[in-house]
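Student: Before I ask anything, let me first share the structure, which is written out below as structure tokens.
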Amino acid sequence: MVQGCENPLIDPLPRRAPRVSYRYAEVASTLDEPGTLALFGFAADAPASADPRYLQVALEGFDAPAPLELWQVDAPVSCGRDGALHWSSGGGWLFAAIELDEREHGDAASTAKLAYEQLHHFVAARGAQHVLRVWNYLGAINHGEGDAERYKHFCDGRAAGMGDFFVEGFPAATAIGHHGDPHRLQVYLLACDQGGSRVENPRQVSAWRYPRQYGRTPPSFARAMLLPALDALAISGTAAVVGHASAHHDDLDAQLDETLTNLEAVLASADMAAGFDTHSPLKAYVRHSTDAQHVRDFLKRRLPGVPVLLLHGDICRSELLVEIDGWRYA
Ligand code: 3EB
């Protein structure tokens, strides 16, 4: 990395995006590779590691064994722990993750609030950090009716805890229900010392403008984030939402089709070429295990060669059967 990047008087070179990929490899040897910023294992029996750069995601993969997800940067990486939070940084990039047990902090709202307060506090203390992308995984996300649904409580707590964390605009995000310990909240993020550009989808109402019927507190996320060097697009959880409504209730194929149309609309809105490729990893969150094979076949056919990690996850609206997020490199 160019040393001049640290000097605010010199126009910094835009930070090259971390390279995100899936790998069938050993945790320890992958952590040993130069530039490993973060590494994710999926499923309860994923290998454990005490390394702060490693996170065992609470979602089960449908492919056994599930690959690891690797984030690599072109710089030396340092890492550490700070209470419930673990982090790493290198080359201007920052990974931070927090895991909280709701039983220790009250309920879903107060736990989400605490998670965001702590992430905010930590990121702010590390200097000008721009949060570009956030992942939220919570248990029993659709439990409770209407305003009492746990996802709605999560949205309340997230908004209450973020304070002025995202004054420059919301990051791209995903919020998915996991099937692990229902009290476990995992939130992790990617931040940079340079800002990105938020991207919305003209086919969809921006999430923070969703009408009241979807909850007291509208979800706070951008549809996608173009990274500082314009070399990658971080795409938020994308589902069959048109306008603000869920489309195609109970029709998996139609939801998949609409989701792909939304993904293409996000690419177009970011002025990126259409389509996904072998270097642009996606995740597909599938509500019902029984749909996994169908989703796998559909995506193989429609996105040939694209790495897709198929995960068992509940979408935050109970009528939605599938959601896709991921990366598109320019
Ligand atoms: C949607 O389009 C689907 O609450 O952070 C997608 C991505 C969704 C992120 C969030 C919610 C979130 O509204 C739901």
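Student: Per residue, how many Å² of accessible area does segment 19-329 show with a 1.4 Å probe? The partial results should precede the final answer.
Tutor: Working: 11550 Å² over 311 residues.
Here the per-residue accessible area is 37 Å².
Student: Of Thr290, Thr278, which has the most accessible area and how do the rest follow, probe 1.4 Å? Before the final figure, lay out the partial values.
Tutor: Details: Thr290 125, Thr278 85 Å².
My answer, sorted largest first, is Thr290, Thr278.
Student: Taking the C-alpha atoms of segment 19-329, how large are the radius of gyration and the largest Cα-Cα span, Dmax, in Å?
Tutor: So, for segment 19-329, Rg and Dmax equal 17.8, 49 Å respectively.
Student: Counting only DSSP beta bridges with both residues in the chain, tell me the antiparallel percent, nearest 5. If you can, show how the numbers build up before the last one.
Tutor: Numbers: 58 of 76 bridges.
The answer is about 75 percent antiparallel.
Student: Express as a percent, rounded to the nearest 5, the fraction of DSSP beta bridges in segment 213-330 (both residues included) that run antiparallel. Don't jump to the answer; show the numbers that get you there.
Tutor: Numbers: 15 of 20 bridges.
Percent antiparallel among DSSP bridges in segment 213-330 is about 75.
Student: Give the accessible area for Arg150 in Å² (nearest 10); use a 1.4 Å probe, count only protein heavy atoms, and leave out ligands, DNA and RNA.
Tutor: Estimated to the nearest 10 Å², Arg150 gives 40 Å².
Student: Something else: Treating only the Cβ of Lys, Arg, Asp and Glu as charged (+1, +1, -1, -1), what charge dipole size does the chain show about its Cα centre? Round to the nearest 20 debye. Could you put the intermediate results ahead of the total?
Tutor: On the way: 28 positive and 42 negative charges, 99 e Å.
Approximately 480 debye in magnitude.
Student: Right, something else. If you take the square roots of the eigenvalues of the alpha-carbon gyration tensor of segment 198-279 and sort them as a ≥ b ≥ c, do you get rounded (a/c under 1.5), prolate (a/b over b/c) or oblate? Before the final figure, lay out the partial values.
Tutor: On the way: a/c = 2.50, a/b = 1.29, b/c = 1.93.
Note, shape of segment 198-279 comes out oblate.
Student: May I ask you to derive the relative contact order of the chain, considering only C-alpha pairs under 8 Å and at least 6 residues apart, and to give it as an integer percent? Spell out each step's value before the answer.
Tutor: Values: 766 pairs, mean separation 55.8, N = 330.
Relative contact order here is 17 percent.
Student: Something else: With unit charges on the beta carbon (Lys/Arg positive, Asp/Glu negative), name the residue among Gln118, Phe62, Pro218 whose Cα is farthest towards the positive pole of the charge dipole of the chain.
Tutor: Pro218
Student: List, in order, the whole-Hz ³J(HN,Hα) value for each residue of segment 24-34 obtained from phi through the Karplus relation with A = 6.51, B = -1.76, C = 1.60 and θ = phi - 60°; use x for Gly and Pro.
Tutor: Rounded to whole hertz, the list is 8, 7, 7, 4, 4, 5, 5, 5, 6, 5, x.
Student: Work from the charge dipole of the chain (Cβ charges, +1 for Lys and Arg, -1 for Asp and Glu, about the Cα centre) and give the residue of Thr238, Leu31, Val167 farthest towards its positive end.
Tutor: Farthest along the dipole direction, towards plus: Val167.
Student: Another question about this same structure. About the Cα centre, and with charges only on the beta carbon of Lys, Arg (+1) and Asp, Glu (-1), how big is the dipole of segment 273-323? Nearest 20 debye, please.
Tutor: Working: 7 positive and 6 negative charges, 24 e Å.
Dipole about the Cα centre, nearest 20: 120 debye.
Student: Would you mind telling me the share, in percent, of accessible area of segment 226-310 contributed by carbon and sulfur at probe 1.4 angstrom? Before the final figure, lay out each step's value.
Tutor: Values: 1770 of 3330 Å².
Carbon and sulfur together cover 53 percent of it.
Student: If you take every DSSP beta bridge fully contained in segment 101-192, what fraction is antiparallel? Give it as a percent rounded to 5.
Tutor: Details: 8 of 15 bridges.
The answer is about 55 percent antiparallel.
Student: Now, a different point. May I ask you to rank Lys300, Lys113, Lys152 by accessible area, largest first, using a 1.4 Å probe over the protein chains only? Numbers along the way, then the final one.
Tutor: Details: Lys300 140, Lys113 80, Lys152 30 Å².
Order by accessible area, largest first: Lys300, Lys113, Lys152.
Student: If Glu69, Glu264 are ordered by their accessible area, calculated over protein heavy atoms with a 1.4 Å probe, which sequence runs from highest to lowest?
Tutor: Working: Glu69 0, Glu264 65 Å².
The ranking, largest first, comes out as Glu264, Glu69.
The values are calculated or read from the model by the stated rules, or taken from the named source; none is laboratory data. Worth saying up front: this structure is predicted, and the values here are computed from it rather than measured. With ideal geometry, Cβ positions are generated from the backbone for all residues, glycine too; neighbour counts draw on all protein chains shown. Accessible surface areas use protein heavy atoms only, side chains included; no ligands, DNA or RNA. Shrake-Rupley method; radii C 1.70, N 1.55, O 1.52, S 1.80 Å.
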